[in-house]
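The values are calculated or read from the model by the stated rules, or taken from the named source; none is laboratory data. What you see is a predicted model, and the numbers here were worked out from it, not measured in a lab. Backbone-built Cβ (ideal geometry, glycine too); neighbour counts: all protein chains shown. Surface accessibility is based on the protein's heavy atoms, side chains included, excluding ligands, DNA and RNA. Shrake-Rupley method; radii C 1.70, N 1.55, O 1.52, S 1.80 Å.
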Amino acid sequence: MADGPLLRALFRCHLWADARLMPVLVANRSFEDVLKWAPLASSTPYRGLPSAYIVAAVNRTVRHPWLMRDRRCLREGLLGHRFLRLAGFDPDLRFGVDPQSMQAPRMSAHCWVCLDGRPVISDSLPGMVEIYRHHADAAKVRPA
């Protein structure tokens, strides 16, 4: 389907609904279950939408979180990865931790989405060490 007003309207409705449902559906789930929101293989109903449009729409949709306020980057990352994948792009979702927080009661972690090796949604924070890369092609993944 070519990029047009109908495709963009369907995309925005789908993104809005997923952004509202995701906090409830990922609450108290294991890491593996949460990653199901970032599919490694999917159909491409939004093929034709530019990646910049998708990234801007995701950022606009999640800018005022009511739920998942303390896991904002996870919400952005999961939605960004999901919708870039649904548009036919090949993003990777990266996770990192702050080594200084390893002994703290609550570990500091962060995630971001990269497309063609460049961060498009969020970015690695200073001092973060990448520990996991969620990507469809295991051959492209280098050990962290």
Nitroxide proxy distance, nm - points 7 Å out along Cα→Cβ at Arg63 and Ser42: 2.3 nm
Against the rule of thumb 2.2 N^0.38 Å, how large the Cα Rg of the chain comes out: 1.04
Accessible area of the chain belonging to carbon and sulfur atoms, whole % at 1.4 Å probe: 58 percent
Distance in nm between pseudo-label sites at Ser101 and Leu10 (7 Å out along the Cβ direction from Cα): 3.9 nm
Solvent-accessible heavy-atom area per residue, rounded to whole Å², over the chain at 1.4 Å: 58 Å²
Exposure of Tyr132 as accessible area (Å², to 10), given a probe of 1.4 Å and all protein chains: 90 Å²
